[in-house]
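*Asks:* Next up is a structure, given as structure tokens.
Every number here is computed from the coordinates shown, using simple stated rules; none is lab data. Please read all numbers here as calculations on a predicted model, not as lab measurements. Heads up, the Cβs are rebuilt from the backbone with ideal geometry, glycines too, and the neighbour counts pull from every protein chain shown.
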Amino acid sequence: MTTERGPIECWLTDMDGVLVHEEKALPGAAEFLERLVEKQRRFLVLTNNSIFTPRDLAARLARTGLHVPEESIWTSALATADFLSNQLPGGSAYVIGEAGMTTALHEVGYTLTDTDPDYVVLGETRTYSFEAITRAVRLIGRGARFIATNPDVTGPSPEGPLPATGSVAAMITRATGAEPYFVGKPNPMMFRSAMNRIEAHSESTIMVGDRMDTDVVAGIEAGLETVLVLSGSTAASDVARFPFRPSRILDSIADVIDLV
């Protein structure tokens, strides 16, 4: 049975590889965002990056010439905080991460502690500390539940790939035997929490992403129409390897403007 789709009212779009690449706006990104505003579409810009707060990311985008209000940015840190506040309101967490993660947890009323926390929360950070990882291993061994913002094993940098959350999570898992629950993409939970934020419905929401293995598969599992743009991680020649298909494949965000 197929879901009857109405007209597209709401948009979710990935950030890196869709709107920006290496701190530069991609062609068509500014016009795409302007069209969303002009047509009064509800939208969120999504990122698995949990280092930065939405305010930080809005400023970073503004430096590239893209104007996105901070309330229109949804990060894996916000999705993780939303998930935890629903699971255990007013709980406690030991966090390996940066301001994006700690601020999000503070805002939902969580206490940050290294003494008997309910959860160990692993996010992205630019300075992983062996001491912090050791503490996380011991807290999980004592019963703290293990949450991670996303399973990405590497992140990009101008010099080449950097180890990311998924790599550190694997190290903690090997030391504890505990598998984390990953909240960010490709978990469709991140898209569902984003849709709740803007009161969107799956049958009238579209997801634009550059990765088959995160954006597109999570979009499909969340029941969304999906657009793969070829300006980021997934090349046209990669698509046939996957057992699922996006609704549309377009060269770049410039080609998405006419769909708004």
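*Asks:* Could you tell me the relative contact order of region 87-182? Use alpha-carbon pairs under 8 Å, at least six residues apart, and round to a whole percent.
*Replies:* RCO, region 87-182: 24 percent.
*Asks:* Efficiency by 1/(1 + (r/R0)^6): what FRET value for PHE242 and GLU221, r their Cβ-Cβ distance, R0 = 22 Å, to the nearest 0.05? Intermediate values should be presented prior to the final figure.
*Replies:* Working: r = 13 Å, r/R0 = 0.60.
About 0.95, to the nearest 0.05.
*Asks:* Still on this model: Taking amide H atoms as placed 1.01 Å from N in the peptide plane, list the residues 5 or more away in sequence, or in a different chain, whose amide H sits under 5 Å from that of GLU225.
*Replies:* THR205, MET207
*Asks:* Sticking with this structure for a sec: Taking the Cα centre of the chain as origin, work out the dipole magnitude from +1 charges on Lys and Arg Cβ and -1 charges on Asp and Glu Cβ, in debye rounded to 20.
*Replies:* Details: 22 positive and 34 negative charges, 94 e Å.
Approximately 460 debye in magnitude.
*Asks:* Would you mind checking the radius of gyration and Dmax of region 87-182 based on alpha-carbon positions, in Å?
*Replies:* Every Cα atom of region 87-182 included, Rg and Dmax give 13.0, 41 Å.
*Asks:* Moving to a separate point now. Multiply the residue gap between HIS201 and ALA178 by 0.36 nm, knock off their C-alpha separation, and tell me the result in nm, one decimal place. Can you show the working numbers first?
*Replies:* Numbers: separation 23, 0.36 × 23 = 8.28 nm, distance 3.43 nm.
The span from HIS201 to ALA178 would gain 4.9 nm if fully extended.
*Asks:* So, in nm, how far is label GLU159 from label ARG55 when the simple model puts each one 7 Å beyond its Cα toward the Cβ?
*Replies:* Each label point lies 7 Å from its Cα, and together they span 3.1 nm.
*Asks:* Rounded to whole Hz and in sequence order, give me ³J(HN,Hα) for region 144-157 from the Karplus expression 6.51 cos²θ - 1.76 cosθ + 1.60, θ = phi - 60°, writing x for Gly and Pro.
*Replies:* Karplus-based 3J(HN,Hα) across region 144-157 equals 5, 7, 9, 10, 10, 5, 6, x, 4, 7, 9, x, x, 8 Hz.
*Asks:* Applying the Karplus parametrisation 6.51 cos²θ - 1.76 cosθ + 1.60 with θ = phi - 60° to the phi angles of region 9-15, what ³J(HN,Hα) value in whole Hz is obtained for each residue in order, glycine and proline being reported as x?
*Replies:* 10, 10, 10, 10, 9, 5, 9
*Asks:* Could you tell me which of ALA236, SER167, ILE133 has its Cα farthest along the dipole of the chain towards the positive end, charges placed at Cβ (Lys, Arg +1; Asp, Glu -1), taken about the Cα centre?
*Replies:* Working it through, the farthest residue towards the positive pole turns out to be ILE133.
*Asks:* Taking 0.36 nm per residue of sequence separation and subtracting the Cα-Cα distance, how much length would be gained by fully extending the chain between GLU22 and ARG138, in nm to one decimal?
*Replies:* On the way: separation 116, 0.36 × 116 = 41.76 nm, distance 3.71 nm.
Using 0.36 nm per residue and subtracting the Cα-Cα distance, I get 38.1 nm.
*Asks:* Please report the relative contact order for region 152-260, taking Cα pairs under 8 Å with a sequence separation of at least 6, and give it as a percent rounded to a whole number.
*Replies:* On the way: 137 pairs, mean separation 18.2, N = 109.
Relative contact order here is 17 percent.
*Asks:* By average Cβ neighbour count within 10 Å, what is the ranking of 79-89, 233-243 from highest down? Before the final figure, lay out the partial values.
*Replies:* Numbers: 79-89: 19.8, 233-243: 12.1.
Ranking, from highest mean packing down: 79-89, 233-243.
*Asks:* Relative to the Cα centre, what is the charge dipole magnitude of region 87-182, using +1 at the beta carbon of each Lys and Arg, -1 at the beta carbon of each Asp and Glu, and rounding to the nearest 20 debye? List each step's numbers first, then the result.
*Replies:* Values: 6 positive and 10 negative charges, 58 e Å.
Dipole about the Cα centre, nearest 20: 280 debye.
*Asks:* Quick one: which residues, 5+ away or cross-chain, put their amide H under 5 Å from the amide H of PHE182? H built at 1.01 Å from N.
*Replies:* Under 5 Å from the amide H of PHE182: ALA148.
*Asks:* If amide hydrogens are placed 1.01 Å from N in the peptide plane, which non-local residues have theirs closer than 5 Å to the one on TRP74?
*Replies:* Those lying under 5 Å, H to H, from TRP74 are VAL45, LEU46, THR47.
*Asks:* Now, a different point. Antiparallel versus total DSSP beta bridges in the chain: what percent is that, nearest 5? Could the numbers behind the result be given before it?
*Replies:* Details: 4 of 36 bridges.
Counting only bridges with both partners in the chain, antiparallel ones make up about 10 percent.
*Asks:* Can you pull the one-decimal nm distance between simple spin-label points at LEU112 and GLU38, each 7 Å off the Cα toward Cβ?
*Replies:* 4.2 nm
*Asks:* Could you work out how far apart the two model spin labels at ILE257 and ASP213 are, taking each label as a point 7 Å from the Cα in the direction of the beta carbon, and quote it in nm?
*Replies:* According to this spin-label approximation, the distance is 3.3 nm.
*Asks:* Full-extension gain between ALA170 and GLU131, please, as 0.36 nm times their residue separation minus the C-alpha to C-alpha distance. Show your work: numbers first, answer last.
*Replies:* Details: separation 39, 0.36 × 39 = 14.04 nm, distance 1.64 nm.
Between ALA170 and GLU131, full extension yields an extra 12.4 nm.
*Asks:* For the chain, calculate the relative contact order in percent as a whole number, restricting contacts to Cα pairs under 8 Å that are 6 or more residues apart. Display every interim value, and only then the final one.
*Replies:* On the way: 519 pairs, mean separation 55.7, N = 260.
So the answer I get is 21 percent.
*Asks:* Let me ask you something else. Considering only the other residues whose Cβ falls under 11 Å of the Cβ of GLY209, what net charge follows from Lys and Arg at +1 and Asp and Glu at -1? Numbers along the way, then the final one.
*Replies:* Values: positive: LYS185, ARG211; negative: ASP14, ASP16, ASP210, ASP213, ASP215.
Every neighbour counted, the sum reads -3.
*Asks:* For the chain, what Kirkwood radius comes out of the mean inverse Cα-Cα distance, in Å? Write down the numbers at each step before the final one.
*Replies:* On the way: mean 1/r = 0.0533 Å⁻¹.
For the chain, inverting the mean 1/r across all distinct Cα pairs yields 18.8 Å.
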